[in-house]
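Here's the structure we're looking at; comments come further down.
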Amino acid sequence: MKKYIFNTLKFIAFLSLGIVLLWFAFRGVDLKSFWNCFAEINIWWVLASFIFSFAAFWVRAIRWQLLIDPLGYKTSTVDAYHAVSMAYLANFAFPRIGEVTRCAVLNRTDKVPFDALIGTVITERISDLVMLILCIAAVFVAKMDFFGAFLTHNIFQPIVVKLTQAFSSLWIFGIIALGLIIAFFALVIMFKHQIKKFAMVQKIRGIAKGVINGIMTIFSMKRKMKFIIYSLLLWGCYWIMTWLPFYSLPATSQLDIMDGLFILVVGGLAITAPVQGGIGVFHALVSFALISLYGITKEDSLAFAIVIHESQSIFYIILGAISFFMLSFRKKKESVEQTQ
């Protein structure tokens, strides 16, 4: 009961944060002009972006399999796809819970150890972080004067300032925390033989070993070049599905494919925020980028942010729901066959 209440409160807290950020994004918007933006939308460009969204799910599933193979387990591409699509669906409930969800789904369908799958997901996320950094670098190189100033002044500098302020005021607590950590590890080393005998410690060590084995698959993987190619394909799909919706609205139709890469970077940074599906954060950052750099009106920029975010969100929910029902139906069918 306590866990249910805690999860409910956590859900409400994250959702409330998203709603507050959404309110800030919409503050001062002329609602009449805003709604008029949707009267001019060309839905076909949005639907075209769904093709690349769907392809991204499959590419991510296939790439994930490349990390699982060195563990000695054979997985179905269809099952990996269902796990990925259900992960995106779960992220709308709690931020980042999708990573745990897809591991749980594939553990149930293909019997791959859960802890090892967590390790492969960590490896995946590290590779995605590398790809995001490469995209940021590409944006700087392609249009350094245009994009560089925005990213530097509006994203990186504020982050550095806030971190500097935080560390400058908390350095005493940092020293105390460091001392406690050193003391903790000293005690662990001194009493390691006694600690090893505890059942809970043995269980934690087993889980940690499985996670580490999953992470290390990036080094034992035989098809590293294939993994790199699929990573490029995956982010290529993300790039195109961000760029195509530009043509759905007259105000953004003049933006080119490199502008799409820039919005992908901004959106990627927004999605990392601890809010369900990046609600509010995505709208605020993307609209701010369009207003600041391209001089697009607040109404048009928010309309674009809503078109791309809400259309993709609905599409992800539909795909996740289909996967959920398909796996549920298959499980029910297998249960019936076993009882016969």
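No lab work stands behind these numbers, since they all come straight from the coordinates. Everything numeric in this text was worked out from a predicted model, so none of it was measured. Backbone-built Cβ (ideal geometry, glycine too); neighbour counts: all protein chains shown.
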Distance in nm between label sites at Ile126 and Phe329, each 7 Å beyond Cα in the beta-carbon direction? 4.0 nm
What is the distance in Å between the Cα centres of segment 94-123 and segment 231-273? 28 Å
What ranking of Trp243, Trp23, Trp45, Trp64 emerges when the number of other C-beta atoms within 10 Å of each C-beta is taken as an exposure proxy, fewest first? Trp23, Trp45, Trp243, Trp64
If packing is taken as the mean number of other Cβ atoms within 10 Å per residue, what is the order of 282-288, 246-252, highest first? 282-288, 246-252
Report the calculated FRET efficiency for Trp23 and Ser292 (r = Cβ-Cβ distance, R0 = 22 Å), to the nearest 0.05. 0.65
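From the cross-link list Lys224/Lys331; Lys111/Lys333; Lys32/Lys143, which pairs have alpha carbons spaced over 23 Å apart? Working shown, then result.
Working: Lys224/Lys331 34 Å; Lys111/Lys333 18 Å; Lys32/Lys143 35 Å.
Checking Cα-Cα distances, Lys224/Lys331; Lys32/Lys143 exceed 23 Å.
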Rounded if a/c is under 1.5, else prolate if a/b beats b/c, else oblate: with a ≥ b ≥ c from the C-alpha gyration tensor eigenvalues square-rooted, which is segment 224-340? prolate
In what sequence do Thr109, Thr242 fall when counting other Cβ within 10 Å, fewest first? Thr109, Thr242
What full-extension length gain, to one decimal in nm, is calculated for Val141 and Arg96 as 0.36 nm per residue of separation minus the Cα-Cα distance? 13.1 nm
